[in-house]
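A.B. asks: Sharing a structure with you now.
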Amino acid sequence: MQPPIDEPRAAWAVGTVMAGIPCSARDAGRVLGAAATAAGVTSAEVAAAMAADARGIAMPARVERALHRAVAAARAVPPRAAYIGLMPSRARTAEVLAEFRGCQARLTGAPSDMRARQALDDAAYTLCVLLGRTGVHDAVQAAERHLTTRN
């Protein structure tokens, strides 16, 4: 396992992954670490490649492939048993999902902002607890399904 990276570029990369997947800061760090390991580089090098790519400088192909695979793996929802608990009201689900989306938009606009990152982590946690899910991506999908189905 790679050590965590603590620099502005790394914070930006974590925020970008969090906003894009969506996922927690811890999971975003895991995505960057998995991509780094698969590409045979450090997490700092993945973050640097992402930052360069955002400025129009193409990232190395092996890093790009590894990052795409790590993101796809993080988005994959493992098979699970049907949810048998009580579902929250649609109004509460909509409220929490809107808060999550607002935090996600703020982090997308400022990936290095630690307050925006913490707010998204908090909103993601609330969404997971509300919907009884362990993964943020799964919770977002469940909230969207809950709001669009009739029962």
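A.B. asks: Scanning for something modelled with pLDDT of 95 or more and more than 15 Å from the chain's Cα centre (by Cα), does the stretch 28-37 turn up at least one residue?
C.D. replies: Yes, the conditions are met somewhere in the stretch 28-37.
A.B. asks: For the condition surrounded by 11 or more Cβ atoms within 10 Å (Cβ to Cβ), out of contact with any strand residue (DSSP E or B) (no Cβ under 9 Å at 6 or more places or on another chain), at pLDDT below 95 and among the β-branched types (Val, Ile, Thr), what is the one hit in Val96, Val129?
C.D. replies: The unique qualifying residue is Val129.
A.B. asks: Right, here's the next one. Only one of Ser112, Ser89 is open to solvent by 20 Å² or more (accessible area, probe 1.4 Å), out of contact with any helix residue (DSSP H, G or I) (no Cβ under 6 Å at 6 or more places or on another chain), modelled with pLDDT under 95 and polar (S, T, N, Q); which?
C.D. replies: Answer to the selection: Ser89.
A.B. asks: Still on this structure: Assess whether Arg150 counts as being of a type in the set (Lys, Arg) and surrounded by 12 or more Cβ atoms within 10 Å (Cβ to Cβ).
C.D. replies: Answer is no for this residue.
The values are calculated or read from the model by the stated rules, or taken from the named source; none is laboratory data. Being a predicted model, the structure only gives us computed values, none of them experimental. All Cβ positions, glycine included, derive from the backbone under ideal geometry; neighbour counts span all protein chains shown. Just the protein is used for accessible areas: all its heavy atoms, side chains included, with ligands, DNA and RNA removed. Shrake-Rupley method; radii C 1.70, N 1.55, O 1.52, S 1.80 Å.
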